[in-house]
Amino acid sequence: MALLTTSIPGGKLVSRGKVRDIYAVDDGLLLVATDRISAFDVVLPNPIPDKGRVLTGLTLFWLERTKDVVGNHLISADRRDFPGSFRDEPSLAGRAMLVRRAEVVPVECVARGYLTGSGLAQYRAEGAVCGVPLPPGLGEAHRLPEPIFTPTTKAAEGHDLPLTFEQTVDLVGRGLAERLRELTIAFYERGAEIALKRGIIVADTKFEFGLLPDDGRRAEDRLILIDEVMTPDSSRFWPAGRYQPGRGQPSFDKQPLRDYLAALKVEGRWNGEAPPPPLPPEVIEATSLRYLEAFRLLTGRELETRA
Ligand SMILES: Nc1ncnc2c1ncn2[C@@H]1O[C@H](COP(=O)(O)OP(=O)(O)O)[C@@H](O)[C@H]1O
Ligand SMILES: [Mg+2]
């Protein structure tokens, strides 16, 4: 069953994000990836079957493959380790993670290996992305000479704004900013290499970091990786076999949904403000298949049938 919102008897709901329902448990959090989907900054009225379990499955896949670089928030994704009523809630199977609660670092840590989207727009306007100068002559979907750190603000609502490295330093301090940059690039390189062997280009991706409680150590030594990791929601995945610089790439993400919504706007059937109209079954199905395909290619296995 696709899941739009959770309601756990006795659960202490901390917040509902665009995609996740977050509960407080002891001194940790239970992050539940629902099947909600957002595009153009609005959450759509229909759930996308399997999406939440793809996001959680991929995050677990990457956490396992990056944990030698720096610690992360995962305590357990095994329902038997969840407290009380969470343990017995079948709708949480495969989509929930018990994690350490961290103080969220207020920077979206974006790594880019290729130029597209808002990065390309910045490059065209100023020859640089988030203050990182790039060589002339680059265009849509071009590979960068090396991956770059292009952080943004973490806006509570609306669009995140690009930050230069010095602006990041002003926000979080130099020691922490340098560590964020180093880890973001290291995770990206690790992920991009693994993904490429499986036929997927990670064009760009976003990480979030958090700080463990102050125990006298420097902030940069209390840093852990939090949130979701290298999923289709936080990354651009392109099929490597069809890669062709100079044009927009097909991708394993919300493109069918964005195309549908863009057409509604052009036709004047949606003004771009919430709430958008319900999605037709074929858009829901096409989107679900994209997520499942990304999971299958990256992990080399099928997502277990709905349990
Ligand atoms: N270990 C953690 N400690 C505290 N907050 C976390 C942790 N992991 C993720 N989060 C936060 O939980 C939220 C995840 O829900 P999501 O639906 O993705 O929200 P958003 O709409 O902000 O993207 C994010 O705001 C993220 O910063
Ligand atoms: Mg999020």
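Some notes on this structure:
- Within region 253-280, the set of residues being surrounded by fewer than 14 Cβ atoms within 10 Å (Cβ to Cβ) and touching a Lys or Arg at 6+ places or on another chain (Cβ under 9 Å) comprises Ala263, Asn271, Gly272, Pro277.
- When region 247-268 is limited to residues that are closer than 15 Å to Lys51 by Cα and not in a helix (DSSP H, G or I), the one that is farthest from ligand 2 (Cβ to nearest atom) turns out to be Phe252.
- Selection within region 3-23: residues that are of a type in the set (A, V, I, L, M) and touching a residue at least 40 places away in the same chain (Cβ under 8 Å). The member of this set that is farthest from ligand 2 (Cβ to nearest atom) is Ile8.
- Some residue of region 225-246 being open to solvent by less than 30 Å² (accessible area, probe 1.4 Å), assigned to a strand (DSSP E or B), of a type in the set (A, V, I, L, M) and in contact with a Lys or Arg (Cβ under 6 Å, 6 or more places away or on another chain): no
- Any hit, region 255-264, residues being touching a Gly at 6+ places or on another chain (Cβ under 6 Å), of a type outside the set (Asp, Glu) and away from ligand 1 (no atom under 16 Å from the Cβ): no
- Restricting region 13-24 to residues that are more than 8 Å from ligand 1 (Cβ to nearest atom) and surrounded by fewer than 18 Cβ atoms within 10 Å (Cβ to Cβ), the residue that is nearest to Leu212 (Cα to Cα): Ala24
- Residue count, region 24-58 (criterion: free of Cβ contacts under 8 Å to residues at least 60 places away in the same chain and part of a strand (DSSP E or B)): 1
- Any chance Phe61 is in contact (Cβ under 8 Å) with a residue 12 or more places away in the chain, surrounded by 15 or more Cβ atoms within 10 Å (Cβ to Cβ), touching a helix residue (DSSP H, G or I) at 6+ places or on another chain (Cβ under 6 Å) and farther than 30 Å from Lys12 by Cα: no
- The residue that is farthest from Thr152 (Cα to Cα), counting only those in region 71-118 that are assigned to a helix (DSSP H, G or I) and within 17 Å of the chain's Cα centre (by Cα), is Gly117.
- In region 25-53, the qualifying residues are those that are near ligand 1 (Cβ under 10 Å from one of its atoms) and more than 16 Å from the chain's Cα centre (by Cα), and the one that is most open to solvent (accessible area, probe 1.4 Å) is Leu29.
- Residue in region 125-133 that is modelled with pLDDT of 95 or more, within 30 Å of Leu3 (Cα to Cα), open to solvent by 60 Å² or more (accessible area, probe 1.4 Å) and out of contact with any helix residue (DSSP H, G or I) (no Cβ under 6 Å at 6 or more places or on another chain) present: no
- Failed criterion for Val283 (all others in (1) loosely packed, with under 14 Cβ neighbours inside 10 Å; (2) more than 15 Å from ligand 1 (Cβ to nearest atom); (3) touching a residue at least 24 places away in the same chain (Cβ under 8 Å) hold): (1)
The values are calculated or read from the model by the stated rules, or taken from the named source; none is laboratory data. The shown structure was predicted, so the numbers you read here are calculated from the model rather than taken from an experiment. As a convention, Cβ positions derive from the backbone with ideal geometry for all residues, glycine included, and neighbour counts pool all protein chains shown. In case anyone asks, the SASA skips ligands and DNA or RNA and just uses the protein heavy atoms, side chains included. Shrake-Rupley method; radii C 1.70, N 1.55, O 1.52, S 1.80 Å.
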